[in-house]
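> Please read through the structure below; I'll follow up with questions.
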Amino acid sequence: MTPRKADGSAGDADYGDIGTVYTGHRNPDPRIAAAITAAIGDARSVLNVGAGAGSYEPLDRDVTAVEPSASMRALRPASRPAVDATAEALPFPDAAFDAAMATFTVHQWSDLAGGLAELRRVTRGPVVLLTADPDLVRDFWLYEYAPEVLDVEARRYPAITDLASGLGGGVRVDLVPIPNNCVDGFNEAYYGRPEKFLDPTARQACSAWSFVDGAVADRFATRLEEDLADGTWDRKYGQLRNQPTYAGSLILVTSHPAATDTSA
């Protein structure tokens, strides 16, 4: 297992650094939240693993949050504290929750299979993962400008087959449309607002940028700024500015427990 960092971050990214800008850029988008809530169904008790600052937690349910990073736990409302633990070692008894959720976090887990097995162990009903399909990550126009960043993302996100295998039971995968004015600032959220990428803090709020050299970010910003100024970007991709949604790599993976054979 990857050693936890100074603030408790358990994955490959250091949220002691990244987390300082999260509340300014990574806000839960209500349309994405609706998809997660629909997948959770009528569950009343919900476990949120890798919960961060609490994005996408359904406020009308009994939510138990797990977050290893002290920096991210500090961003949570005092009324919604999180347990200091990791996905691979959840401190709960078997079948303790009606449902479980994990958003933008499975790519951080040092032991994917172990974390997924733990989610299934403590959950009676659906396990819902908001993640990205690594096979689709490089289709985004950003790959023309910063291939190193999307190469990082594609390497970090686990394959759908690995998620399905780790969760067992019946698995459904749904592509999640990304709204043009999405308020959750992951990379593809800016598909029609390229100027957002010129803000260094917006890039900092996407963990993949923390894995590339500063020279890569500088080169990217210079080229994008030039292409926006002379109209090159708009000639290639300008139609995206008015496109209501974008079908990118964002997916919702929903796993229901395997049926128990009760026949004699």
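> Given all pairs of different Cα atoms, what value in angstroms does the Kirkwood hydrodynamic radius of the chain take?
With all distinct Cα pairs of the chain included, I get 19.1 Å.
> Roughly what angle does helix 147-156 make with the longest principal axis of the chain, taking Cα atoms, 0 to 90 degrees, to the nearest 10?
10 degrees
> Once the other residues with Cβ under 12 Å from the Cβ of residue 55 are scored (Lys, Arg +1; Asp, Glu -1), what is the net sum?
Taking every Cβ under 12 Å from that of residue 55, the sum is -1.
> Tell me which residues come under 5 Å, amide H to amide H, from residue 26 once H is placed; ignore anything under 5 positions away on its chain.
Here the answer is 185, since their amide H atoms fall under 5 Å of that of residue 26.
> For helix 112-121, report the angle its Cα long axis makes with the longest principal axis of the Cα atoms of the chain; keep it between 0 and 90° and round to the nearest 10°.
Tilt relative to the chain: about 40 degrees.
> Mind giving me the nanometre distance, one decimal, between the label points for residue 222 and residue 34, set 7 Å out from Cα along Cα→Cβ?
4.4 nm
> Rounded to the nearest 5, what % of DSSP beta bridges with both residues in the chain are antiparallel?
Taking every DSSP beta bridge with both residues in the chain, the antiparallel ones total about 50 percent.
> With runs of 4+ DSSP H residues as the only contributors, calculate the mean residue ellipticity of the chain at 222 nm using -39,500 (n - 2.57) per run, divided by the residue total and rounded to the nearest 500.
-8000 deg cm²/dmol
> Now a separate question. Gain in length, residue 243 to residue 148, computed as 0.36 nm per residue apart minus the alpha-carbon separation, to one decimal in nm?
31.6 nm
> Right, something else. Report the full-extension gain for the segment residue 258 to residue 215: residue separation times 0.36 nm, less the Cα-Cα distance, to one decimal in nm.
10.6 nm
Only the coordinates and a few stated rules stand behind these numbers; no lab work does. Just so we're clear, the structure is a prediction, and the values are computed from it rather than from any experiment. In this analysis, Cβ positions are derived from the backbone assuming ideal geometry, glycine residues included, and neighbour counts consider all displayed protein chains.
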